[in-house]
1. Pull up all non-local amide H partners of L9: gap of 5 or more, or a different chain, and H-to-H distance under 5 Å with H placed in the peptide plane.
2. Which of K325, K218 has the fewest other C-beta atoms within 10 Å, and how do the rest follow up to the most?
3. Mind pulling the angle between the C-alpha long axis of helix 346-360 and the longest principal axis of the chain? Nearest 10 degrees, somewhere in 0 to 90.
4. Calculate one ³J(HN,Hα) per residue across the range 81-92 by plugging θ = phi - 60° into the Karplus curve 6.51 cos²θ - 1.76 cosθ + 1.60, and present them in order as whole Hz with x for glycine and proline.
5. Of all chymotrypsin sites (Phe, Trp or Tyr not before Pro) in the range 266-347, which ones are in loop regions per DSSP and have a Cβ with at most 13 other Cβ atoms within 10 Å?
6. Hand me the trypsin sites (Lys or Arg not before Pro) from the range 276-319 located in a DSSP loop with no more than 10 other Cβ atoms within 10 Å, in residue order please.
7. Roughly speaking, what is the stretch gain from V269 to A329, that is 0.36 nm per residue apart minus the C-alpha to C-alpha distance, in nm to one decimal?
8. What residue among V364, V118, V419 shows peak mean-square fluctuation when the chain is described by a Gaussian network model with Cα springs under 10 Å?
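Nothing in this text is a laboratory measurement; each read-out follows from the coordinates by a stated rule. No experiment lies behind these values; they were computed from the predicted model shown. Cβ atoms come from the backbone with ideal geometry, glycine included; neighbour counts cover every protein chain shown.
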Amino acid sequence: MALLSIGDLGGRLGWALAAWLFGLLGIVMVVRRGSGRGAPSPVVILAVAALLRLLLVPLAPTLSDDVWRYLWDGRVAAAGRNPYLLAPDSAALVDLRHEDWERVAHREVPTVYPPLAVTLFSIAARLPHALYAWKLFVGAVDWVTCLLLVRLAVRFGLPARRTLWYAWNPLVTTEVAGMGHVDALGVAAVVATVSLLTAGSRRLLPAVGAASAAILAKLVPLLALPWWARASRAPWRFAAAVVALTLAALTPVLWAAGGVPPGIVAFGVSWEFDGPLFEPLWRGLDAVGAVPAVKGLLDQLKSWTGEHDFWNRWYPYVYPQLLAKLLLAGGFALACGWGWLRLRDPAAATGWLFGTVLLFSATVHPWYLLWVLPWAALASHEAWLSLSGLILLSYLPQRAGVDLFPWVYLAIWTPFLLVWLVRRPQWSIA
């Protein structure tokens, strides 16, 4: 109710931060109350979770404009046009523009969303009151995630109150029901996949469908496929089935776009914000003169090989941010090798993997934390749970014009690191 009374969260960010802090403190109090008569039952947890999401559906999406992009891409797809090739500012889409077109960000970039997401966008775009229909839908899907988490907690013998860190978390309810982020669909499919893989019967076919749906809602879950396959009864069959189903949906998109859609390429190369390792790394590379050193190496390679045209094409890509992304990609690959050897439980591995993705990512928006929180809640991973409050400070640069680096960046990531070092939490769930 406090967030509803504030209304414009982006314009009244100080009040919004206070309301989020109050909500998080409430969760801490309930979780620490322990078991017994004071602990909420699963029915109460789910009832309150549903109420919180319903209450925030009318909230204006003033913290993020992503939902307007969803509905625009859906409008384009519903009209039979190709959102993977046609950016919102394309002259070929002028006839589709309406008052909400002005609210779409990055209008020069075609869509970055996989086909399942775009299909659902197109359904929402056809409905009356499309914005609220979409938010109600993702809120309902997110409630299913809460239900699955409660069931997983019971299955693993964990206290159901741990799921409050997801089900009642102000970050989750605001980003899903309030801002309408599509990530809720991918998160629900991921939790469903792990739930099916850890069920006693090892339901292979439904798990294949859930895993493919997760990838087709947001591509990141593809990274979890090796761990999920290993947890199934038939790793090779599971992986082959997921890849085949996913490719069946992606092939028309790749064919129509003539390869990887340009929007996805633009996202990987150009998007960057609040990456915990990325922000200091690219600045460090710039300070030590990495760019002149790499260009000097290219000069030597031209001299040694005599292939001037070949090496000249790489000079535009030599800048600190891209060099940092390449180093982080290598570091992430090494981390995945470590995780593969150490983590066999699919629930713990999924949480660890998505957490590692965020740590090595160049872009970390608050709603990206939705991918980690279900598993951090079950594992009671204090570092990631604390970040669900700290990450909201990243709205200060986006909505209040405050510089991200260094002070806001340090205010977010220093406490996270300290909690991790002091408490040494583990990804232990099942």
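1. T62
2. Working: K325 20, K218 23.
Final ranking by Cβ density, sparse to dense: K325, K218.
3. Computed tilt is about 50 degrees.
4. Listing the rounded values in order: 9, 9, x, 7, 10, 9, 6, x, 8, 5, 5, 6 Hz.
5. On the way: sites: F267, W271, F273, F278, W282, W304, F310, W311, W314, Y317, F332, W338, W340; in loops: W271, W314.
Listed in order of number, the matching sites are W314.
6. Values: sites: R283, K295, K302, R313; in loops: R313.
Here the trypsin sites (Lys or Arg not before Pro) that fit, given the DSSP loop and packing criteria, are R313.
7. Working: separation 60, 0.36 × 60 = 21.60 nm, distance 1.24 nm.
So the extension gain works out to 20.4 nm.
8. Evaluated over the chain, the most mobile residue of the options is V419.
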